Amino acid sequence: MTAAEKARESSAPEASAHEKILIVDFGSQVTQLIARRVREVGVYCEIVPFQKAEAAFLKMRPKGVILSGGPESVHVEGSPRAPELIFDSGVPVLGICYGQMTMAAQLGGEVEGGHHREFGRADVEVKADSCLFDGAWKPGERHQVWMSHGDRITKMPPGFVVAGISANAPFAVIQDEKRKYYGLMFHPEVVHTPDGAKLIRNFVREVAGLAGDWTMRAFREEAARKSARAG
Amino acid sequence: MICGLSGGVDSAVAAVLIHEAIGEQLTCVFVDHGLLRLNEAETVVELFRHHYNIPLVHVDASRQFLAELSGVTDPEQKRKTIGRLFIDVFEAEAKKIGGAQLLAQGTLYPDVIESVSFTGGPSVTIKSHHNVGGLPERMNMKLVEPLRELFKDEVRALGRELGLPEIFVGRHPFPGPGLAIRCPGDITKEKLDILRKADAVYIDEIRKAGLYDQIWQAFAVLLPVKTVGVMGDGRTYDYVVGLRAVTSTDGMTADFYPFDMKFLGAAATRIINEVKGVNRVVYDVTSKPPGTIEWE
């Protein structure tokens, strides 16, 4: 540890009192956008690389976990996985793109690699009601989303049902509403998925049930208290 | 505790937030490198000394900076020279204040997020674009970074919450080396003064047209080229001003802003009429990539 890191360490703010979402980063170029969408609905979240996700999960005690996209294929040996304790803990999980693939593979589903690549705009056809779609999407409707993936699910894990399909992906949206697990093959965090922010909001506020009390007014008061102690 | 002010939003919000907590124990140091926009230094001094009543050391180091930058034309060399001088001046002032054990910085969340590395295990690449890099270790001070959990838009919201004026909080991003990198080639006070005036007219036109908040970043550049013109009955031989305006959601990619030609014509006319030393105005229609937002 360099002196700068030490100086930093010593002044790092304590974990905030707010309920939190943990975002496990698998290396997507747009992971920060997930955090932006979560913060925009008044919920505090932190991004942690997958290698450190287990420690962060134990420290943060998040009320929900979002697994990001990433450039790897779950078929590559040694490709990253989500810590098993996240699935053992019972917290709601939203898997996006690679996050959906690794969630499906880890929970007993099957994923195939590389044959049906889908990039850019695509349409999702809504097949079932979902807590994720509340106030946004209804069964039978088609909605524009933004895809970027090489892997796709061929068999869902036990307990999951299909909530949305696309031309190349029969499992574009999968869910196990009992365990509060959701998987999206598309990226809800980018503006090219026009309703994506609503879906993320629903996961954070409705599925995970966070209050949305992360405001700059609250931050101001907390930060003032912390600085007062530091000074 | 001391806090370095750059003139930008982040350091100002950090300072006001800390002052709210510890009051008079905070001293702010504002190093004016002479590369700021028109009236920028005055605005900061007015805001801190009079509006917030926060102790502020205003160091006018513009002569020193301009002297050291004289003859420096390479963009990287400009940045390095400014960075080194900034630390020297800041350190000297911090020593004069004496006894400070804590140094506050406006570090933001994107600066400290650890990135995923697939090759060498977990990567801890904390980016170091701090104004005062290396200083805490040399002076044995601890860092305080009250904004390190926040994104830029949250810092702006916090600034509004703290009562910072909208015109200050909503300002476009401005680079640390300031106008030095908007003045390609050799930097002189004369050129900087021309650039400051042209930039102020351009921004004023954008604000009047109601376009400021739709644009991510807009600024003028003074080209190191003189061209021939005719004004009144006389022939002129003056500088060219380049205008830049881009839209972006994150600064990573950007498109040039599609101004109406009437707007550009009016802005060019005003700049040439009001700013002595300029007789030609051009508009930059390059996106990022392949271009960058700034010119250097």
Restricting attention to segment B:231-243, does a residue exist that is within 17 Å of the chain's Cα centre (by Cα), small (Gly, Ala, Ser) and buried (at least 17 other Cβ atoms within 10 Å of the Cβ)? no
Would you point out the residue of segment B:257-296, among those that are part of a strand (DSSP E or B) and closer than 17 Å to B:Leu223 by Cβ, that is least open to solvent (accessible area, probe 1.4 Å)? B:Val278
Of the residues in segment A:184-214, those that are open to solvent by 60 Å² or more (accessible area, probe 1.4 Å) and within 14 Å of chain B (Cβ to nearest Cβ) come to A:Val191, A:His192
Where in segment A:19-130 are there strands (runs of 3 or more DSSP E), lying wholly inside it, with at least 1 residues that are surrounded by fewer than 18 Cβ atoms within 10 Å (Cβ to Cβ) and touching a residue at least 60 places away in the same chain (Cβ under 8 Å)? A:118-126
Which of (1) open to solvent by 70 Å² or more (accessible area, probe 1.4 Å); (2) in contact with a Ser or Thr (Cβ under 9 Å, 6 or more places away or on another chain) does B:Glu76 not meet, given it meets every other one? (2)
From the list B:Gly234, B:Gly229, exactly one residue is in contact with a Phe, Trp or Tyr (Cβ under 8 Å, 6 or more places away or on another chain), farther than 21 Å from B:Ile187 by Cβ and of a type outside the set (Phe, Trp, Tyr). Which is it? B:Gly229
Odd one out for A:Arg220 among (1) within 20 Å of the chain's Cα centre (by Cα); (2) open to solvent by 10 Å² or more (accessible area, probe 1.4 Å): (1)
Within segment A:141-158, does at least one residue satisfy the condition of being out of contact with any Cys (no Cβ under 9 Å at 6 or more places or on another chain), open to solvent by 40 Å² or more (accessible area, probe 1.4 Å) and closer than 16 Å to A:Ile34 by Cβ? yes
Counting only helices (runs of 4 or more DSSP H) wholly inside segment B:79-198, the ones holding at least 1 residues that are open to solvent by less than 40 Å² (accessible area, probe 1.4 Å) and at pLDDT 90 or above are B:152-161, B:166-169
Please enumerate the residues belonging to segment B:4-39 that are among the acidic types (Asp, Glu) and in contact with a Gly (Cβ under 9 Å, 6 or more places away or on another chain). B:Asp10, B:Asp32
With surrounded by 16 or more Cβ atoms within 10 Å (Cβ to Cβ), more than 14 Å from chain A (Cβ to nearest Cβ) and closer than 22 Å to A:Lys226 by Cβ as the only criterion, which of B:Ala61, B:Ala12 stands out? B:Ala12
Which residues, counting only those in segment B:202-230, are open to solvent by 20 Å² or more (accessible area, probe 1.4 Å), farther than 25 Å from B:Glu296 by Cα and part of a strand (DSSP E or B)? B:Val228, B:Val230
In segment B:244-256, how many are of a type outside the set (S, T, N, Q) and open to solvent by 20 Å² or more (accessible area, probe 1.4 Å)? 4
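The values are calculated or read from the model by the stated rules, or taken from the named source; none is laboratory data. Given the structure is predicted, the values throughout are model-derived calculations rather than measurements. Please note: Cβ atoms are built from the backbone with ideal geometry, for glycine as well, and neighbour counts cover all protein chains shown. Quick note on the areas: whole protein, heavy atoms, side chains included, nothing else; ligands and nucleic acids left out. Shrake-Rupley method; radii C 1.70, N 1.55, O 1.52, S 1.80 Å.
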